[in-house]
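These notes concern the structure reproduced below.
Read-outs: derived from the displayed coordinates by stated rules, not from any lab. Here the structure is a predicted model, which means the values were calculated and not measured. Positions of Cβ are backbone-derived with ideal geometry, glycine not excepted, and every protein chain shown enters the neighbour counts.
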Amino acid sequence: MLVWRPPSYFEERGGDPLIWQEPDLHSPCTSTIEAMTDDKRQQDDDELAKAYEECTDELRSFGRRRGRKLRPRQAQLFTQLLPRVALGLHEPAPQPLEKLFTQSQSTSAHEDKSTDPIREVWLEIGFGGAEHLIWQAENNADVGHIGCEPFEAGVVKALSAIETKPLDNVRLHADDARDLLRWLPEASITRAFILFPDPWPKRRHAKRRLVAPHLLELLARVMAPGAELRIGTDIPDYLRTILIAFQTEPRFCWQVSGPRDWRYRPDDWPPTRYEQKALRESRCCYYLRFRRAEEN
């Protein structure tokens, strides 16, 4: 079991806000969470839950789409390469989803480059600078990778890597991830990543956080039984609300047996620039892995 200490405990003593206790061996999931909060924090949680219930329209969970004006070469990638690797949500998704990667969509002059048959499909929501997405695509050539990112500069970074490597096992969706999740077939994703999403730190904006019950419901539909969901964050309060959100979704079980499981990344989980920035600024990072239950 994990015991969550209130913010005052964390601020006064520093260190990890999660305290490990031996789990209940009779629990159907690997672990459970007990939220030990002060009255103020409990009030915030109640207000956030109420906001989720009352919100009938989906709130945008990302900030701006555009930054600086694209350079000519970047604009060319956007107009020429993106249409070749972008998902067409106006048409039904192929069955099985691996067919997305079987059609010839060469991304460079290396058209004779041999490719491995795609055996499964992974999804990354909010890939930022695309460091993790491209690393996974290079090191898992027999996996189809779908990257979702609304920020124009991040999409350009992914397109540049797709062209120069080159990579034929990557497809992109440069818009809201929730539209993509509704488009994907049921049980079509075997691994998903949400790494260091926008924390929305202000109290009035907390309901815009991406990892929330409504997103977990969409993910549970598209993830195959036994699939793994990986989430990273460096914001203690976001960590708390993530764990609380998963308590409402029984189709996911947290894969944890001790503190090391959330304090260290596995070898096949490369760092992102946002994680490296957090570490430079002496913030702790938390690495969570959840398994899609075999039933439900």
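See the values below:
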{"quantity": "Computed lengthening from GLN276 to ASN139, 0.36 nm per intervening residue step minus Cα-Cα distance", "calculated": "47.2 nm"}
{"quantity": "Cα centroid separation - segment 239-280 against segment 132-156, whole Å", "calculated": "20"}
{"quantity": "ALA75/HIS214 FRET efficiency (R0 51 Å; Cβ-Cβ; nearest 0.05)", "calculated": "0.90"}
{"quantity": "Where Rh is the Kirkwood radius over Cα pairs, Rg/Rh for segment 134-175", "calculated": "0.94"}
{"quantity": "Label-to-label distance, nm, for residues given as THR102 and ALA153 (7 Å Cα→Cβ offset)", "calculated": "4.0"}
{"quantity": "Sequence-distant residues sharing a close amide H with ARG283 (under 5 Å, placed H)", "calculated": "none"}
{"quantity": "In order through segment 243-248: 3J(HN,Hα) via Karplus (6.51 cos²θ - 1.76 cosθ + 1.60), integer Hz, x for Gly, Pro", "calculated": "5, 5, 4, 5, 5, 8"}
